[in-house]
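K.L.:
Shown below is the structure under consideration.
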Amino acid sequence: MNQDLKEIITEDKEYYYGGGAKRVYRAITHNPLYQRGKYIIAARKAGYYFLHRNSLINKIRFLYYSRKKNVLGEKLGIELGPHEFGRRIRIYHNNIVINAGAIIGNDCELYGNNCIGNKGSASDALGAPIIGDKVSFGVGANAIGRISVCDHVQVSSMSLVNKDITESGLYGGVPVRLIRSKT
């Protein structure tokens, strides 16, 4: 397995599973955070093997991890494509849908009931958002269409991002507007 993938999975395990007694407790009690961690790791591996499908072994591994990701995703209410998100993605609650064409940067946070996707047009299936690093989406916040969101942005709960965000800060409303600039 690629060394970079191992580092990414180690970071995800540390966040979602915890260490020592915390890890055992989360595994025994089927803690939701532990279950989301299993989902994220299956998604990471499926994405890795999707990109490296040259051999029969990698095709089989891709099918295995894709199936595992889909079964866990159905239980948890999370739907991510195979390889569109960066390092240390944090999912705090369930009901998350991310279009396979979306690109999400490092250290992003999703608090639940989020949709990051296209406008629903079959002709523009990959017209999905590009999200920068350290972006946070509050509960019910959505990003729709071929838009881009710069780094260091917070989107408040129940907001709709349907246009480009080029300045760091706190955004909210339907449609989204700047509430407070980050200085």
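K.L.:
Size of the dipole of the chain about the Cα centre, Lys and Arg at +1 and Asp and Glu at -1 on the beta carbon, nothing else charged, in debye to 20?
P.N.:
I would put it at about 620 debye.
K.L.:
Report Rg(Cα)/(2.2 N^0.38 Å) for the stretch 1-77, keeping two decimals.
P.N.:
Normalised by 2.2 N^0.38 Å, the Cα Rg of the stretch 1-77 equals 1.16.
K.L.:
Express the relative contact order of the chain as a whole percentage, based on alpha carbon pairs under 8 Å and six or more residues apart in sequence. Walk me through the numbers before you get to the answer.
P.N.:
Details: 407 pairs, mean separation 20.7, N = 183.
Relative contact order of the chain: 11 percent.
K.L.:
Suppose each label sits 7 Å from its Cα in the direction of the beta carbon; what would the Leu56-Lys182 distance come out to in nanometres?
P.N.:
Simple spin-label model gives 4.9 nm for this pair.
K.L.:
Let me ask you something else. Work out from phi, with θ = phi - 60° and the Karplus expression 6.51 cos²θ - 1.76 cosθ + 1.60, the ³J(HN,Hα) of each residue of the stretch 53-70, listed in order in whole Hz, and give x for Gly and Pro.
P.N.:
Working through the residues one at a time gives 8, 5, 9, 5, 4, 5, 5, 5, 4, 4, 4, 4, 6, 5, 5, 4, 4, 5 Hz.
K.L.:
How many lysine pairs in the stretch 50-136, separated by 8 or more positions in sequence or lying on different chains, have Cα atoms less than 26 Å apart?
P.N.:
The result is 7.
K.L.:
Starting at the first residue of the stretch 171-178, write each ³J(HN,Hα) from the Karplus equation 6.51 cos²θ - 1.76 cosθ + 1.60 with θ = phi - 60°, in whole Hz, x for Gly and Pro.
P.N.:
My calculation for the stretch 171-178 gives 10, x, x, 10, x, 5, 9, 5 Hz in order.
K.L.:
Considering all projection directions equally, how large on average is the shadow of the alpha-carbon convex hull of the chain, in square nanometres?
P.N.:
11.5
K.L.:
Sticking with this one: If amide H atoms are built 1.01 Å from N in the plane of the peptide, which residues on other chains or at least 5 residues away come under 5 Å of the amide H of Glu79?
P.N.:
Those qualifying (amide H under 5 Å, at least 5 residues apart or on another chain) are Ile96, Val97, Ile98.
K.L.:
Hey, how many Å between the Cα centroid of the stretch 130-165 and the Cα centroid of the stretch 35-75?
P.N.:
26
K.L.:
For the stretch 84-183, what does the alpha-carbon gyration tensor say about shape, rounded, prolate or oblate, given a ≥ b ≥ c as the root eigenvalues, a/c under 1.5 as rounded, and a/b over b/c as prolate?
P.N.:
rounded
K.L.:
Out of residues 5 or more away from Asp133 or on other chains, whose amide H comes under 5 Å of its own, with H placed 1.01 Å from N in the peptide plane?
P.N.:
Under 5 Å from the amide H of Asp133: Asn106, Asp151, His152.
K.L.:
Would you mind computing, in nm to one decimal, how far apart the modelled labels at His93 and Glu109 are, each placed 7 Å from Cα along Cα→Cβ?
P.N.:
1.4
K.L.:
Still on this structure, please answer the following. Who wins for biggest fluctuation among Val149, Val161, Val24 in a Gaussian network model of the chain, springs between alpha carbons below 10 Å?
P.N.:
Val24
Only the coordinates and a few stated rules stand behind these numbers; no lab work does. Keep in mind it's a predicted model, so treat the numbers as computed, not measured. Note that we place each Cβ from the backbone using ideal geometry, even for glycine, and neighbour counts take in every protein chain shown.
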